[in-house]
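Please read the structure below before turning to the comments.
The values are calculated or read from the model by the stated rules, or taken from the named source; none is laboratory data. These numbers come from a predicted model, not from an experiment. Cβ placement follows ideal geometry from the backbone for every residue including glycine, while neighbour counts extend to all protein chains displayed.
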Amino acid sequence: MNNLMNDLYPYFEDLSDRLLAGLNPGEDLSLNIAAEESLFVRFNKNAIRQNTNVEQITISLRLQVNHRSVEKSRSLRGQLREDMKSLTALLDECRHEAAQLPTDPHQVALANNGTSREEFRGELLAKEKIVEEILGAANGLDIAGLLGSGVVIRGNRNSLGQNHWFATESFFLDYSLYNGPKAAKGNYSGAKWNSDAWKKNLSRTRMQLEMLSKPLQKIPAGKYRSYLAPAAFGDLAGMLGWMGLSAAAWKQGRSPTKKLANGEAKFSPLFTLSENFSMGLAPRFNSLGEVAPLQSTLIEKGSWKQFLVSSRSAKEYGLQANFAIPEEFPRAIDIAPGTLSEKDILKEIGTGFYLSNLHYLNWSDPVTARVTGMTRYACLWVSNGEIAGPIQDLRFDESLYDALGSKLVALTDHAEIDPAIGTYVARDLGGKRAPGAIIDQFTFTL
Amino acid sequence: MTTLPFSPEQEIKKLIGRCEWASLRYLKETSTYRQVRNDLPEKNESMTDEGLMVEVLANGHFGHSATADLSSDGIARAFEKAMQTTQITSQVKAFSFKSDDRPPVRGKFESPRTKKLDSISVAEITDHLTAATKAMASSPLVVNRLAQATLIETDSFYFSTTGSDIHQNFNLIAIDFSATAAEGSENQTRSWSQTGQWGAEIFDRTRFVSEATRIGKESVALLKAENCPTGKMDLLLMPDQMMLQIHESIGHPLELDRILGDERNYAGWSFVQKEDFGKLQYGSKLMNISFDPQQAHEFASYEFDDSGIPAKKEFLIKAGVLQRGLGSQESQRRSGLPGVANSRATSWNRAPIDRMANINLEPGESTLEEMIAQVKHGILMRTNRSWSIDDYRNKFQFGCEMGELIENGKIVKIVRNPNYRAITVDFWNRLAAVGNLGTTGTYGTPYCGKGEPNQIIRVGHRSPACLFRDIEVFGG
């Protein structure tokens, strides 16, 4: 395929038309396609360590027949004759396996959830300019990171007539700058590469790195007033997305927000969390082609409002679906900002920590929603409203019922978008938006 | 017999003379997932991942281009893309390599199995998994009973312009059971897993039912148990927690690409410095760690890495002293340090990087009873449930599903929510006893994440039970 953005839509239409035409009576079929044409360039010490071009298309067929479901996926070659041969065989395998399975009482019948088509064209950095634009701008700096750039596509059709398409050209440059072991984190992402915007982004990160040249502050473990910058607070509150917002996890006894959902506990009235597709980070349709509401408030002013509920959970547990993805992870978290202005952050910290980033978060005690993790990158000790210097990284261990509850003092009046830059298997879509937060008596243990 | 969808001889012939060196790495992998929850089928899915990675050496820089289009035109286009990009990026390459870094190798490997994976039907697998979830239902308090089976068949071929010709065929299986008991706002989960290179012979209904019955009962017992005590005490880790301990605090910090800084922007750096090799007393003299890709049935066994280098067992740590890093041929050249054959890629669509394979702790001489008898006050911990470590791999905190309180050399009761935290080198120097072969367990995970672009990889860890002195332990 010479141009994925132009060529894949008609190709998917053709393939799916042929497969749908071959269905037997009583069979329903859902088809999902995911594709990308990406260039990845990996940097270390202001040089290029690895470069990889990736062109891939994956299709999945979900056959539903006699209350049984089988889903099979495979890579596509982009050659119609070869691909039709593989997919016809795959559909036959689905039929063969479905015949051997017991019935599935929680199966969600396929439906026609409408038609949509969204395409976002970008202006990406030409590969000939990568060296000059990125490494030229970072000349003299120790930069490490990854440029990911290209087309990402998701599509869905089914035998009931549903048809959704989402295609975007975008890039991210996720990087960090180093002065020996001290590091500052930056990310420049978007759809249109702008040389001036990139240089400004780099300059901001460089200023952060310069702040780290102050004397190292050795602060012992303990409880400290802490400012979590948007990336750090987004990661901490984003832990809720790991089983905490899932209706199935709640019903299956695995939810860390059980007390919140049951009304036995509340977060701070400052805390409101939504899933917000109006940020344009991810398609609203899921693998069943169901279209989620543009915005759903899940936690409002500290009180539980609703879980993410897939149609399967809705059927199993008698709930109202809000068309979450089957795994019931959030796709576009949006945390409402507060009133703290940027110029007042250091004054509001007083004496305590300014934490730019966190690292390797995990539930340490799910029942009490306790999370552990590390500080990382530009984390500073603030003394009487003045930056004293960088800290040695510390481990924290704190319950979200406290950190997002009585210990949450203020949220900044600005929130920052943190686009998903994950590239496991393929480039992710989605992301989150979060403000910065002041948390009192935040617990550090090691 | 696997039939390739292209002619490797013809395609390689077209590349000779057009660059300093090139290879074609073809991979076809079919992963099948079966899941039963609360005695009902929940997931029956499979994924066939098939494609080709073209690797070129241009101006002393290795570059890559991946495609699923396996026609001659598709392969030619991937080669052109790799060359175009690499000629640009080689202007500022991190290191200058030679074709000698990809020596010509020929060979085959097939993971051991006695029954083919496709010899067991979907109906039989579903029946086995359903029997397991039924066996977990020892009490109405067990609210979620899950049994999963993942079956993977991989064919990997590697050809180069200098004559490499390698075929490896892997059969891999991961079985995972979990039982969650809940009452009020409390819940506790116990799990059991078995991973390795096996065929369908691994489906042993009697064993499945036995393990499922045990974890169902233990999840209920944990609901009623007291919280793990807090304080400094002895810690006896069983193999299903040792695997995580080895993985996070030995495997990752010894990866040479981390030490060289490649991973600084993602997974992180390492506290280990190049000058530490041959000198650093990483742990007590009882500690012997090996990289062992030739351990039969272990999850990450192979004969050749994804850069075509033959793999063999090497000691990373001997009598507690750091000997060797987890670094591929490329990392060995860049660092000047000894390494291993661990250039591995998650699939055809990613360039290989330094990865763990099977990283094992060699057995010692103690029986489990002898180690328990040595403990005046301590906790035995089983099965990882929480893991976190800093980006230099120093400060870690791990949690387990189940603890057992040891007082005066005897287990007195089970405790829930056991956790511990420590700093890597200090922790391993507190290793006071290493269990014998009879205490050893072999585990693995398909989900070790690393790299930019991101890659997951399969790793194996074989370890005996181990005793550590005076560790900071705490509960929920």
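Every test in (1) assigned to a helix (DSSP H, G or I); (2) polar (S, T, N, Q); (3) more than 7 Å from chain A (Cβ to nearest Cβ) is passed by B:SER96 save one, and that test is (1). Annotation note: of B:GLU186, B:GLU218, B:GLU211, B:GLU226, the sole residue that is among the charged types (D, E, K, R) and within 12 Å of another protein chain (Cβ to nearest Cβ) is B:GLU186.
The set of residues in region B:66-83 being more than 19 Å from B:LEU4 (Cα to Cα) and within 7 Å of chain A (Cβ to nearest Cβ) consists of B:LYS81, B:ALA82.
In a strand (DSSP E or B) and surrounded by fewer than 23 Cβ atoms within 10 Å (Cβ to Cβ): does that describe A:TYR188? Against the criterion (in a strand (DSSP E or B) and surrounded by fewer than 23 Cβ atoms within 10 Å (Cβ to Cβ)), A:TYR188 qualifies. In the set B:ARG393, B:ARG421, which member is assigned to a strand (DSSP E or B), within 13 Å of chain A (Cβ to nearest Cβ) and of a type outside the set (A, V, I, L, M, F, W, C)? When all the criteria are applied, what remains is B:ARG421. Residues considered: B:SER138, B:SER156. Of these, the only one that is part of a loop (DSSP other than H, G, I, E, B) and in contact with a strand residue (DSSP E or B) (Cβ under 9 Å, 6 or more places away or on another chain) is B:SER138.
Checked across region A:138-152, the condition of being outside the structural domain of A:ASN286 (by TED's automatic domain parsing) and under 30 Å from A:ASN24 (Cβ atoms) holds for no residue. Candidates are the residues of region B:344-357 that are more than 9 Å from chain A (Cβ to nearest Cβ), of a type outside the set (Lys, Arg) and out of contact with any Pro (no Cβ under 6 Å at 6 or more places or on another chain); the one that is nearest to B:MET243 (Cα to Cα) is B:MET356. When region A:1-12 is examined, which residues are found to be without any contact (Cβ under 8 Å) to a residue 24 or more places away in the chain and more than 14 Å from chain B (Cβ to nearest Cβ)? Scanning region A:1-12 gives A:ASN6, A:PRO10.
A count restricted to region A:25-59 and to residues that are in a loop (DSSP other than H, G, I, E, B) and either in contact (Cβ under 8 Å) with a residue 12 or more places away in the chain or touching a helix residue (DSSP H, G or I) at 6+ places or on another chain (Cβ under 7 Å) (or both) stands at 3. I'd like to check something: does region B:344-358 contain any residue that is outside any loop (DSSP other than H, G, I, E, B), within 23 Å of B:LEU431 (Cβ to Cβ) and modelled with pLDDT of 95 or more? Within region B:344-358 (the criterion being outside any loop (DSSP other than H, G, I, E, B), within 23 Å of B:LEU431 (Cβ to Cβ) and modelled with pLDDT of 95 or more), the answer is yes, since at least one residue qualifies. Looking only at residues in region A:340-374 that are touching a helix residue (DSSP H, G or I) at 6+ places or on another chain (Cβ under 8 Å) and not aliphatic (A, V, I, L, M), the one that is farthest from the other protein chains (Cβ to nearest Cβ) is A:TYR354. All conditions but one from (1) under 21 Å from B:ILE88 (Cα atoms); (2) crowded, with 24+ Cβ neighbours inside 10 Å; (3) more than 10 Å from chain A (Cβ to nearest Cβ) apply to B:ARG25; the one that does not is (1). Set side by side, the residues B:ASP262, B:ASP306 differ, and just one is within 24 Å of B:THR195 (Cβ to Cβ), within 14 Å of chain A (Cβ to nearest Cβ) and among the charged types (D, E, K, R), which is B:ASP306. Within region A:204-229, being outside any helix (DSSP H, G or I) and of a type in the set (Val, Ile, Thr) holds for one residue alone: A:ILE219.
Would you check if there is a residue in region B:234-241 being buried (at least 18 other Cβ atoms within 10 Å of the Cβ), of a type in the set (D, E, K, R) and touching a residue at least 24 places away in the same chain (Cβ under 8 Å)? Yes, because at least one residue in region B:234-241 is buried (at least 18 other Cβ atoms within 10 Å of the Cβ), of a type in the set (D, E, K, R) and touching a residue at least 24 places away in the same chain (Cβ under 8 Å). Which one is nearest to B:GLN197 (Cα to Cα) among residues in region B:22-60 that are in contact with a Pro (Cβ under 8 Å, 6 or more places away or on another chain) and of a type in the set (A, V, I, L, M, F, W, C)? Restricting to residues being in contact with a Pro (Cβ under 8 Å, 6 or more places away or on another chain) and of a type in the set (A, V, I, L, M, F, W, C), the top hit is B:LEU24. When A:ALA282, A:ALA232 are checked against the criterion of being buried (at least 22 other Cβ atoms within 10 Å of the Cβ) and either assigned by TED's automatic domain parsing to the domain that holds A:SER60 or outside any loop (DSSP other than H, G, I, E, B) (or both), A:ALA232 stands alone in meeting it.
Scanning region B:201-235 for residues that are assigned to a helix (DSSP H, G or I) and either within 21 Å of B:GLU472 (Cα to Cα) or of a type in the set (S, T, N, Q) (or both) yields B:THR206, B:SER210, B:THR213, B:SER219.
From the list B:SER111, B:SER119, B:SER99, the one residue that fits, being crowded, with 20+ Cβ neighbours inside 10 Å and either touching an Asp or Glu at 6+ places or on another chain (Cβ under 6 Å) or more than 30 Å from A:ASN46 (Cβ to Cβ) (or both), is B:SER111. In the condition set (1) over 30 Å from B:GLY378 (Cα atoms); (2) more than 13 Å from every other protein chain (Cβ to nearest Cβ), B:ALA267 is compliant with all but (2).
Of the residues making up region A:42-69, those that are over 19 Å from A:ASP142 (Cα atoms) and not polar (S, T, N, Q) are A:VAL54, A:GLU55, A:ILE57, A:ILE59, A:LEU61, A:ARG62, A:LEU63, A:VAL65, A:HIS67, A:ARG68.
Taken together, the residues in region A:191-227 that are within 25 Å of A:PHE444 (Cα to Cα), within 26 Å of the chain's Cα centre (by Cα) and surrounded by fewer than 16 Cβ atoms within 10 Å (Cβ to Cβ) amount to 0.
Looking at the structure I just gave you, is A:LYS45 touching a Phe, Trp or Tyr at 6+ places or on another chain (Cβ under 9 Å) and either surrounded by fewer than 23 Cβ atoms within 10 Å (Cβ to Cβ) or not small (Gly, Ala, Ser) (or both)? Yes, satisfied.
Consider B:GLY283 carefully, then state whether it is in contact with a strand residue (DSSP E or B) (Cβ under 8 Å, 6 or more places away or on another chain) and either within 30 Å of B:GLY51 (Cβ to Cβ) or in a strand (DSSP E or B) (or both). Answer is no for this residue.
Of all residue pairs spaced 6 or more apart or on separate chains, those with beta-carbon atoms under 8 Å, a first member in region A:172-195 that is within 12 Å of chain B (Cβ to nearest Cβ) and at negative phi and a second member that is of a type in the set (Val, Ile, Thr) and assigned to a strand (DSSP E or B) are A:TYR175/A:ILE143; A:SER176/A:ILE143; A:LEU177/A:ILE143; A:TYR178/A:ILE143.
Scanning region B:265-281 for residues that are out of contact with any Pro (no Cβ under 8 Å at 6 or more places or on another chain), surrounded by fewer than 23 Cβ atoms within 10 Å (Cβ to Cβ) and touching a residue at least 60 places away in the same chain (Cβ under 8 Å) yields B:TYR266, B:ALA267, B:GLY268, B:LYS274, B:LEU280, B:GLN281. Do the conditions hold for A:ARG81, that is, is it within 14 Å of chain B (Cβ to nearest Cβ) and part of a loop (DSSP other than H, G, I, E, B)? Against the criterion (within 14 Å of chain B (Cβ to nearest Cβ) and part of a loop (DSSP other than H, G, I, E, B)), A:ARG81 does not qualify.
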